[in-house]
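The values are calculated or read from the model by the stated rules, or taken from the named source; none is laboratory data. This structure is a prediction, so every number in the text was calculated from the model and none was measured. Positions of Cβ are generated from backbone atoms using ideal geometry, with glycine treated the same way; all protein chains shown enter the neighbour counts. Note: accessible area is taken over every heavy atom of the protein model, side chains too, but ligands, DNA and RNA are not part of it. Shrake-Rupley method; radii C 1.70, N 1.55, O 1.52, S 1.80 Å.
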Amino acid sequence: MRSWSAASGLSLITTFDGFGRRLDQVARCRQEGHPESAGVPRAPRKEAGFQLGKVQAGLEPTDWKSFDEVGAGTREIRIGDAKGIFRVMYVAKFEEAVYVLHCFQKKTQATSKQDQAIATARYRAVVNARRGKR
């Protein structure tokens, strides 16, 4: 199973059992209280975590589309809820981790240029960080 990795300021949460063994590792869209996660209802956040868990296990999310405009291999998980439409952009083409690039609520039919720019910058940061580790 691949590990999660958080790009550019996304928080990485690891859960341990009483013996210090790692149980789970989950990437979140920024820390609680950060503007990126503020106002996102609990149900869509839980669904995003469930769908990312499927990706981590090598499965496909229930509803996704390719988003190569951000970077090669980028995908977008689509989550619909009574309170809105939410997206999680990630890249899972690297063997060592699933990188969550951006999480946001959609307010228009098209993904905004700002949301694309945030995800693109984080994608570049992942690629550059990987180059530095070689």
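Would you mind getting me the FRET efficiency between Thr62 and Arg131? Use the beta-carbon distance for r and R0 = 25 Å, nearest 0.05. Please list the in-between numbers first.
On the way: r = 33 Å, r/R0 = 1.32.
Efficiency, rounded to the nearest 0.05: 0.15.
If you average the sequence gap of Cα pairs under 8 Å that are 6 or more apart and divide by the length of region 60-134, what percent do you get for the contact order?
On the way: 100 pairs, mean separation 16.5, N = 75.
About 22 percent, as a whole number.
Taking every pair of alpha-carbon atoms in region 39-134, what share in percent sits in each 5 Å bin, from 0 to the bin with the longest distance?
Spelled out per bin, shortest first, that is 2, 13, 25, 24, 20, 11, 4, 1, 0, 0.
What does a probe at Lys93 reach in region 51-85, counting residues whose amide N is under 18 Å from the point 7 Å along Cα→Cβ?
55-56, 58-61, 64-77
Can you tell me which lysines have their Cα less than 18 Å from the Cα of Lys113? Leave out same-chain residues fewer than eight positions away.
Lys65
Over the heavy atoms of Val55, what accessible area does a 1.4 Å probe trace out, to the nearest 10 Å²?
10
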